[in-house]
Amino acid sequence: MKRLASILALTLTLAGPASAEKISLNALSNYLNGFETASGEFTQINADGTISTGKVYIQRPGRARFEYNPPDNSLVMAGGGTVAIFDAKSNTGSTQYPLRQTPLSIILQKNVNLSQARMVVAHTTDGKTTSVVAQDPENPEYGTIRLVFTPDPVELRQWVITDGAGDETTVILGELQTGTRMPSSLFDIIREEARRN
């Protein structure tokens, strides 16, 4: 699960106006619900201090793909209700978890509702960005996801996943391109398993 947290977290260099009001939970939910697909480059800072780069693809609801650049040829896929981690150093296939048991499921839902009771455990601003810490209210032991947004227009700039052991991972996002067509094969875990065997 520690590797899962390392692979799924995202963060980015933040820039914004000198002072901005806190963005409402409804506005943040509307932003997340406003796109079906998004893709972009990322730089990930792992819990152990190592750095990886790659490209992320998101197709809501329920699908995501994190492709890592060489020399780290790992791959993480979310699809069919499952998260699969393909470790480039392993020849035993992927490690899999139910998507619902990961904080990533919160933003991959068909209808994101950050106002849902007990989902958001923190909602703050530092004057430039708005941060939301969310968790599955029924299963807080799965960990949390901290989302960081900039205003005007609202954009997701960071998410940090903290696993049940308290390990954090941060990934720096490039500009997200939304509305792009993505083949379903990007998120087909069974096909990827067959391709690697």
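In this structure, does Thr170 turn out to be surrounded by 15 or more Cβ atoms within 10 Å (Cβ to Cβ), over 20 Å from Gly79 (Cβ atoms) and among the hydroxyl-bearing types (Ser, Thr, Tyr)? It is true that Thr170 is surrounded by 15 or more Cβ atoms within 10 Å (Cβ to Cβ), over 20 Å from Gly79 (Cβ atoms) and among the hydroxyl-bearing types (Ser, Thr, Tyr).
For the range 124-145, the condition of being surrounded by 13 or more Cβ atoms within 10 Å (Cβ to Cβ), part of a helix (DSSP H, G or I) and not polar (S, T, N, Q) holds for at least one residue.
Annotation note: Cβ proximity below 6 Å between a residue of the range 137-157 that is under 23 Å from Gln101 (Cα atoms) and a residue that is open to solvent by 60 Å² or more (accessible area, probe 1.4 Å) (sequence gap 6+ or interchain) occurs for Pro137/Arg118; Glu141/Gly164; Gly143/Gly164.
Would you mind stating whether Arg3 is basic (Lys, Arg), open to solvent by 10 Å² or more (accessible area, probe 1.4 Å), at pLDDT below 95 and within 23 Å of Ser131 (Cβ to Cβ)? So Arg3 does not fit the description; no. All conditions but one from (1) closer than 30 Å to Ser29 by Cβ; (2) out of contact with any strand residue (DSSP E or B) (no Cβ under 7 Å at 6 or more places or on another chain); (3) open to solvent by 60 Å² or more (accessible area, probe 1.4 Å); (4) not hydrophobic (A, V, I, L, M, F, W, C) apply to Gln96; the one that does not is (2).
Yes/no matrix, rows are residues, columns are (1) among the charged types (D, E, K, R); (2) under 19 Å from Gly62 (Cα atoms):
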| residue | (1), (2) |
| --- | --- |
| Leu114 | no, yes |
| Thr129 | no, no |
| Ala134 | no, yes |
| Asn139 | no, yes |
| Thr144 | no, yes |
| Trp159 | no, yes |
| Val171 | no, no |
| Thr178 | no, yes |
| Arg195 | yes, no |
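When the range 157-197 is filtered for residues that are assigned to a strand (DSSP E or B), modelled with pLDDT of 90 or more and farther than 19 Å from Gly49 by Cβ, the ones remaining, listed by number, are Gln177, Thr178.
When you scan the range 31-51, do you find a residue that is farther than 19 Å from Gln96 by Cα, assigned to a loop (DSSP other than H, G, I, E, B), among the aromatic types (Phe, Trp, Tyr) and modelled with pLDDT under 95, even just one? Yes. Here is the figure for the range 75-93: residues that are small (Gly, Ala, Ser) and surrounded by fewer than 19 Cβ atoms within 10 Å (Cβ to Cβ) total 5. A search for C-beta distances below 7 Å between a residue of the range 75-104 that is in a loop (DSSP other than H, G, I, E, B) and any residue that is of a type in the set (Phe, Trp, Tyr), counting only pairs 6+ apart in sequence or on different chains, returns Ser94/Phe86; Thr102/Tyr142; Pro103/Tyr142.
The values are calculated or read from the model by the stated rules, or taken from the named source; none is laboratory data. All values derive from a computational prediction rather than experimental measurement. Positions of Cβ are generated from backbone atoms using ideal geometry, with glycine treated the same way; all protein chains shown enter the neighbour counts. What goes into the accessible areas is simple: the full protein's heavy atoms, side chains included, and nothing from ligands, DNA or RNA. Shrake-Rupley method; radii C 1.70, N 1.55, O 1.52, S 1.80 Å.
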